[in-house]
Amino acid sequence: MKVSTPSLIFYFLVCALTIFFSLMGDDMSAIYAKSIVVPSIFIYFFIENNYRLNFKKAAIFFFSFIGEIYYILDNNLTEVTPMICFMLVYILLISMMLRDLETIKFIKEKRTQILILVLFISVFILTILNLKFEDLQFNFSYFIVYGIILGIVTLLTFTNFILKPSYSFFNLVLMSICFVFSDVFYLINNFYFPLTAFKVLGISTQVFSYYFMVQYFKQPK
């Protein structure tokens with residue numbers, strides 16, 4: 001057994017517990033279980049990466065962790081706090097993906113696919129933002145900025161994969177899909193149409209997105 005295997009097993013166990021507590025309606029237990037997700041996957045990555053960590057990846061793990069535990073830190077905090085944390089995570093990921101993109105040769109024949117992708121992402125974001133959300137505790141402009149940043153993340157992940165299909169970029173695509181579904185289900189469940197299925201799907205995609213993110217970090221581009 002590899003040294004990192006126990007931490008990976010623990011990560012999946014915590015993910016399963018988080019989803020189980022969400023299904024049972026035990027939100028507080030789900031919050032506490034979810035707060036352990038990022039540290040467990042971080043330990044796995046740290047060991048797998050030979051105990052090395054650069055600034056960007058450390059910051060991504062840090063802001064992800066703060067975004068996950070904000071309810072434990074202070075119940076009076078609004079959704080703005082984790083939103084800012086995850087926006088910082090997305091911005092850091094964008095900087096990494098842009099660096100990846102610089103090393104990839106642009107293929108003219110792929111332009112049509114990329115244009116279709118831009119159109120699809122734009123329409124999708126506009127559709128979500130045009131929903132009539134209720135009981136918002138913050139300015140709607142936060143949603144707009146957040147949606148634009150997430151759209152850029154999604155665009156870059158698919159562009160990298162289209163131009164250079166690889167296992168690393170495939171994990172990047174899965175990560176961004178999880179990000180999108182997690183955020184969309186969170187918005188719909190909390191501010192549009194509350195439903196247990198939306199809550200569970202949102203939490204499930206969120207906790208598993210970290211696994212795909214770590215696989216992207218690990219693999220050569």
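The values are calculated or read from the model by the stated rules, or taken from the named source; none is laboratory data. As the structure is a computational prediction, the values presented were derived from the model and not from experiment. Reconstructed Cβ throughout: ideal geometry from the backbone, glycine too, with neighbour counts over all protein chains shown. Note: areas computed on protein heavy atoms with side chains; ligands, DNA, RNA excluded. Shrake-Rupley method; radii C 1.70, N 1.55, O 1.52, S 1.80 Å.
How many residues, within region 179-221, are more than 19 Å from PHE20 (Cβ to Cβ) and part of a helix (DSSP H, G or I)?
Selection size over region 179-221: 16.
Considering only residues that are acidic (Asp, Glu) and free of Cβ contacts under 8 Å to residues at least 24 places away in the same chain, look in region 102-154 and name the one that is nearest to VAL180 (Cα to Cα).
GLU102
Residues to consider are ILE36, ILE149, ILE60, ILE43; find the one that is farther than 30 Å from MET1 by Cβ and either open to solvent by less than 70 Å² (accessible area, probe 1.4 Å) or not polar (S, T, N, Q) (or both).
ILE149
Would you check if there is a residue in region 183-205 being over 26 Å from SER35 (Cα atoms) and surrounded by 20 or more Cβ atoms within 10 Å (Cβ to Cβ)?
no
Please verify whether LYS110 is over 20 Å from the mean Cα position of the chain (by Cα), among the basic types (Lys, Arg) and exposed (fewer than 10 other Cβ atoms within 10 Å of the Cβ), treating the condition exactly as stated.
No.
Can you find a residue in region 12-19 that is touching a Lys or Arg at 6+ places or on another chain (Cβ under 7 Å), open to solvent by less than 80 Å² (accessible area, probe 1.4 Å), assigned to a helix (DSSP H, G or I) and within 18 Å of SER209 (Cβ to Cβ)?
Among the residues of region 12-19, at least one is touching a Lys or Arg at 6+ places or on another chain (Cβ under 7 Å), open to solvent by less than 80 Å² (accessible area, probe 1.4 Å), assigned to a helix (DSSP H, G or I) and within 18 Å of SER209 (Cβ to Cβ), which makes the answer yes.
Of the numbered conditions (1) in a helix (DSSP H, G or I); (2) open to solvent by 60 Å² or more (accessible area, probe 1.4 Å); (3) within 25 Å of ALA197 (Cα to Cα), GLU134 fails exactly one; give the number of that condition.
(1)
What single numbered condition from (1) open to solvent by 20 Å² or more (accessible area, probe 1.4 Å); (2) within 20 Å of GLY202 (Cα to Cα) fails to hold for GLU68?
Result: GLU68 passes all but (1).
Within region 163-173, how many residues are farther than 13 Å from TYR211 by Cα, open to solvent by 30 Å² or more (accessible area, probe 1.4 Å) and in a helix (DSSP H, G or I)?
1
Looking only at region 80-107, which residues are of a type outside the set (D, E, K, R), outside any helix (DSSP H, G or I) and open to solvent by 60 Å² or more (accessible area, probe 1.4 Å)?
Across region 80-107, the qualifying residues are THR103, PHE106.
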